[in-house]
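Since the structure comes first, as structure tokens, the remarks are kept for the end.
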Amino acid sequence: MLILNKTAGVFSKPSRRKPYEFLRSFNFYPGKLFLHKLVLGIETSCDDTAAAVVDETGNVLGEAIHSQTEVHLKTGGIVPPVAQQLHRENIQRIVQEALSASKVSPSELSAIATTVKPGLALSLGVGLSFSLQLVHQLKKPFIPIHHMEAHALTIRLLNKVEFPFLVLLISGGHCLLALVRGVSDFLLLGKSLDIAPGDMLDKVARRLSLIKHPECSTMSGGKAIEHLAKQGNKLHFDIKPPMQRAKNCDFSFSGLQHVIDKIIMQKEKEEGIQKGQILSSAAHIAAAVQHTIACHIAKRTHRAILFCKQRHLLSQSNAVLVVSGGVASNLYIRKALEIVTNATQCTLLCPPPRLCTDNGIMIAWNGIERLRAGVGVLHNTEGIRYEPKCPLGVDISEEVGEAAIKVPRLKMEI
Ligand code: KG4
Ligand code: ZN
């Protein structure tokens, strides 16, 4: 088990001398009375330093975020010590900005909620260490948050979604299908056996050098693929979706990535161009990879819906599928999922893009959900650790595979 490295020194020098001087700079509003629970949420599990104050009714009172995307785009991926340093440099300012915007004085907070699992060890450590000092200074309860649980519950801040519902989380770092039965009650139906779909799209985009493409230079890999795919023919290459024989809800993307790599190499030869130059067939490749991913994700999700209905884990006529994560903003993939939900009489819900990606609001809201349910609210933080690896809920993916549900073929006319 990884243990929080207390000697790592998570604050930069000036802030170490006076870690929470900023708290004194708040204007308190003595006449103001908050009837609702108020939670400060702090997120540092990957490459975003984010904080927000949310009340019990789902009002976002204040929010701030510092994204490291630009820095990591230049290095072609996240370098953990760089991410850690950037979290250290920004966490105090971001928390201060979220609190200031909320006009809530720290003393009025009901609790502080912070992502402690899963994620990059060095990044999680910064958020946890900062939060624990804040918790001790303010004498507030602490709510450790599972990052995926927070993604899954975000929809309830916006819509009246009752438990149970199905959630599909697809991003650069996540890929899972789970049944959400309660605030802290999840059944894991399937997950990626290798990399996440966003990671794969980022790798393909990098291999295609889309950053040099005039229309895509500022876009993430996934967004660049979606953009270029509109100009390409998805059937130009004959690519089979992964894991067609495995009748479970697991995913795989690295085999597909290798297939695409081979196609790119072949095309470079044919077109007589060097690695690093843009292929004339880049749009066809983008369209084919996006279509293949969409079909793979749709099929696994379809099977998960059928499994849950068969076992009476979801309502027969009123089931809800929530899709979130950076890749959920891809409209082609959403349409593929819409075909599945239409065929299975489910309702498809997606949070808006800014709540699909990592943010402080989802952490604060998860804190509210846990406060209301009375689960995981700590008054003593002794022994609290971060956990870089932590599965979500009870893993029943083997049972799902054993059920071997055959999924009816759907026409993916998107
Ligand atoms: O949720 P997110 O911001 O960060 C984590 O990975 O946790 O997701 C970022 C991922 C990146 O891999 C990015 O390429 C992908 O989401 N992405 C997209 C789109 N926009 C972002 N993938 C497909 N289509 C998009 N429009
Ligand atoms: Zn995330």
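The values are calculated or read from the model by the stated rules, or taken from the named source; none is laboratory data. Only a predicted model underlies this, so the values are computations on that prediction, with no experimental measurement involved. We place every Cβ from the backbone using ideal geometry, glycine too, and count neighbours over all the protein chains shown. For accessibility, only protein heavy atoms count, side chains too; no ligands or nucleic acids. Shrake-Rupley method; radii C 1.70, N 1.55, O 1.52, S 1.80 Å.
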Open item on the list: What's the total number of residues in region 292-322 that are more than 26 Å from PHE237 (Cβ to Cβ) and either within 16 Å of ligand 1 (Cβ to nearest atom) or among the aromatic types (Phe, Trp, Tyr) (or both)?
Closed with: 2
Task: Of all residues in region 201-251 being open to solvent by 40 Å² or more (accessible area, probe 1.4 Å) and among the small types (Gly, Ala, Ser), the one that is farthest from ligand 1 (Cβ to nearest atom) - done: SER217
TODO: Mind listing just one residue for me: the one in region 158-173 that is part of a loop (DSSP other than H, G, I, E, B) and not hydroxyl-bearing (Ser, Thr, Tyr) and, of those, surrounded by the fewest Cβ atoms within 10 Å (Cβ to Cβ)?
DONE: LYS160
Open item on the list: Residues that are modelled with pLDDT of 95 or more, among the β-branched types (Val, Ile, Thr), more than 30 Å from ALA403 (Cα to Cα) and in the same structural domain as ALA282 (by the TED database): does region 193-214 have at least one?
Closed with: yes
Open item on the list: For a quick check of your reading of the model, give me the residue pairs whose first member lies in region 81-106 and is closer than 20 Å to HIS36 by Cα and aliphatic (A, V, I, L, M), whose second is in a helix (DSSP H, G or I) and modelled with pLDDT of 95 or more, with beta-carbon atoms closer than 7 Å and at least 6 apart or on different chains.
Closed with: ALA98/GLY360; LEU99/PRO106
TODO: Just need a number here: residues in region 321-345 that are open to solvent by less than 10 Å² (accessible area, probe 1.4 Å), in contact (Cβ under 8 Å) with a residue 60 or more places away in the chain and more than 16 Å from ligand 2 (Cβ to nearest atom).
DONE: 5
- [ ] Would you please name the residue that is nearest to GLY325 (Cα to Cα), looking only at residues in region 136-157 that are open to solvent by 10 Å² or more (accessible area, probe 1.4 Å) and of a type in the set (A, V, I, L, M, F, W, C)?
- [x] MET148
TODO: Sort out which residues of region 253-268 are in contact with a helix residue (DSSP H, G or I) (Cβ under 8 Å, 6 or more places away or on another chain) and under 24 Å from LEU177 (Cβ atoms), and write them in order of number.
DONE: PHE253, SER254, LEU256, GLN257, ILE260
- [ ] Scan SER107, SER123 and give me the residue that is buried (at least 24 other Cβ atoms within 10 Å of the Cβ) and farther than 11 Å from ILE42 by Cβ.
- [x] SER123
Open item on the list: Name the single residue that is nearest to ligand 2 (Cβ to nearest atom) among those in region 174-197 being surrounded by fewer than 22 Cβ atoms within 10 Å (Cβ to Cβ) and part of a loop (DSSP other than H, G, I, E, B).
Closed with: ILE195
